[in-house]
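Worksheet: one structure, shown below.
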Amino acid sequence: PIEFKDYINSAFNEDFFSKKLKLNPDEIGLFLSFCEVDSKVRTIVEHQDEFETMDFLISKKEDFKKLNSSNK
């Protein structure tokens, strides 16, 4: 089975993370690690549906930004 990060890196380029998710380049790895602990990741990788994946990443970005800002 394909790993979550491998799937994401093959499906989305860095522009997606910087422009759509508004993540800094140094946040992308942390963000993907943050996403990996979610139980939905297995379903995301199994389905490999781009719309479903984008929806998941966008919703996780909100949680990631909240967590990240509370740690500063």
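The values are calculated or read from the model by the stated rules, or taken from the named source; none is laboratory data. What you see is a predicted model, and the numbers here were worked out from it, not measured in a lab. Glycine also receives a Cβ, built like all others from the backbone with ideal geometry; neighbour counts cover every protein chain displayed. Accessible surface areas use protein heavy atoms only, side chains included; no ligands, DNA or RNA. Shrake-Rupley method; radii C 1.70, N 1.55, O 1.52, S 1.80 Å.
Using only DSSP helix segments of four residues or longer, with each worth -39500 (n - 2.57), what per-residue ellipticity at 222 nm results for the chain after dividing by its residue count and rounding to 500?
Numbers: 4 runs with 45 residues, N = 72.
That calculation yields -19000 deg cm²/dmol at 222 nm.
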Stretchable slack from ASN68 to LEU30, in nm (0.36 nm times residue separation minus alpha-carbon distance): 12.7 nm
The chain, dipole about Cα centre (Lys/Arg Cβ +1, Asp/Glu Cβ -1), debye to the nearest 20: 400 debye
Dipole of segment 1-61 [Lys/Arg +1, Asp/Glu -1 at C-beta], most positive-end residue of ILE44, LEU30, SER10: LEU30
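Under the classification rounded if a/c is under 1.5, otherwise prolate if a/b is larger than b/c and oblate if not, where does segment 12-70 fall, given a ≥ b ≥ c as square roots of the Cα gyration tensor eigenvalues? Before the final figure, lay out the partial values.
Details: a/c = 1.93, a/b = 1.32, b/c = 1.46.
Judged from the Cα gyration tensor, segment 12-70 comes out oblate (a/c at least 1.5, b/c at or above a/b).
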Surface share of carbon and sulfur [accessible, 1.4 angstrom probe, percent] for the chain: 49 percent
DSSP-assigned coil residues among chymotrypsin sites (Phe, Trp or Tyr not before Pro) in segment 24-72, each with at most 13 further Cβ atoms within 10 Å: none
Solvent-accessible heavy-atom area per residue, rounded to whole Å², over the chain at 1.4 Å: 68 Å²
